[in-house]
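Undergrad: Sharing a structure here in structure tokens format.
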Amino acid sequence: MQGAKTAKQTKYRTVLLFGAPGSGKGTQGKILGTIPGLFHFACGDAFRNLRITDPLGRLFIEYSSKGELVPDEPTIDLWRRNIEASTINHTFDPRHDMLVLDGIPRNVPQARILRGTLDVKAVFHLTCPDMTKMVDRLQRRALRENRLDDANLDIIRQRLETYQRETKPVLDFYGPKIVHPIDSSQTPLNVLRNILDILATLQPGA
Ligand code: ADP
């Protein structure tokens, strides 16, 4: 009984930013993370912050440079370590803050592993039917953020394939009731407005 109670207390109120590479999740996540009561975690950023001397940093380079996902177990470990560290240093208050996750869970096995930990209230599915627009965004980002995995067209194609094959099924895992499609070909401001409209209904007391 005590164990069940503890497990329930550790479930984080969560929303997911979801979409293919180049759909604009990162841009929205950064803005949302500045809003009091929201805590943003981008899994790709956590990987990029690792040192090259860290074995997980090397694993990340190995997989991301091929456009593939890093194996689940070390990925979930990295996520947990980051969230726990943010809780300890008080940048994240699980009792009051909503977790905004970008890039995790990124396949169905990860969603299963996190089922007992996340209380997912909404999935914002940023959709962009215009493939060339997404590829264009990625290539511009390659220069701006010095990202090797954005620079090469073959790797971009591989990442888009990985998204279709492994990541998209996560939408079915959470189901249509909480998945909100958002047209990411709009301006960032309008994408943000769509997200905020839904988020506002999820605030306690709304
Ligand atoms: P994007 O969504 O633009 O492709 P990210 O910054 O989210 O880029 O991720 C970059 C790379 O980091 C991915 O291609 C993958 O190799 C790795 N990665 C990020 N998040 C995860 C995750 N949850 N599981 C496995 N690999 C991940």
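Undergrad: In the range 89-113, what count of residues is obtained for those that are touching a helix residue (DSSP H, G or I) at 6+ places or on another chain (Cβ under 6 Å), β-branched (Val, Ile, Thr) and more than 10 Å from the ligand (Cβ to nearest atom)?
TA: Result for the range 89-113: 3.
Undergrad: Looking at ASP102, ASP97, which one is under 12 Å from the mean Cα position of the chain (by Cα) and among the charged types (D, E, K, R)?
TA: The match here is ASP102.
Undergrad: Under 6 Å between Cβ atoms, which residue pairs at least 6 apart in sequence (or on different chains) link something in the range 57-76 that is within 22 Å of ARG112 (Cα to Cα) with a partner that is among the aromatic types (Phe, Trp, Tyr) and near the ligand (Cβ under 6 Å from one of its atoms)?
TA: Listed pairs, sorted by first residue: PHE60/PHE47; VAL70/TYR63.
Undergrad: Mind telling me which of the residues PRO176, PRO188 ends up being over 20 Å from GLN28 (Cβ atoms) and either more than 14 Å from the ligand (Cβ to nearest atom) or modelled with pLDDT under 95 (or both)?
TA: Being over 20 Å from GLN28 (Cβ atoms) and either more than 14 Å from the ligand (Cβ to nearest atom) or modelled with pLDDT under 95 (or both) holds for just one of PRO176, PRO188, which is PRO176.
Undergrad: Check every one of the helices (runs of 4 or more DSSP H) wholly within the range 86-181 and list those with 3 or more residues that are within 27 Å of LEU38 (Cβ to Cβ).
TA: 108-113, 131-145, 169-174
Undergrad: Scan the range 18-56 for residues that are in contact with a helix residue (DSSP H, G or I) (Cβ under 6 Å, 6 or more places away or on another chain), surrounded by 13 or more Cβ atoms within 10 Å (Cβ to Cβ), more than 22 Å from ASP154 (Cα to Cα) and without any contact (Cβ under 8 Å) to a residue 60 or more places away in the chain and jot them down.
TA: Scanning the range 18-56 gives ALA46, LEU50, LEU56.
Undergrad: Considering only the range 1-30, state which residues are modelled with pLDDT of 90 or more and more than 14 Å from the chain's Cα centre (by Cα).
TA: Scanning the range 1-30 gives LYS11, TYR12, ARG13.
Rundown of residues vs (1) in contact with a strand residue (DSSP E or B) (Cβ under 8 Å, 6 or more places away or on another chain); (2) modelled with pLDDT of 95 or more; (3) of a type in the set (A, V, I, L, M), yes/no style:
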| position | (1), (2), (3) |
| --- | --- |
| GLY67 | no, no, no |
| TRP79 | yes, yes, no |
| ILE83 | yes, yes, yes |
| ARG112 | no, yes, no |
| ASP119 | yes, yes, no |
| CYS128 | yes, no, no |
| LYS133 | no, no, no |
| ARG140 | no, no, no |
| ASP154 | no, no, no |
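The values are calculated or read from the model by the stated rules, or taken from the named source; none is laboratory data. Being a predicted model, the structure only gives us computed values, none of them experimental. Positions of Cβ are generated from backbone atoms using ideal geometry, with glycine treated the same way; all protein chains shown enter the neighbour counts.
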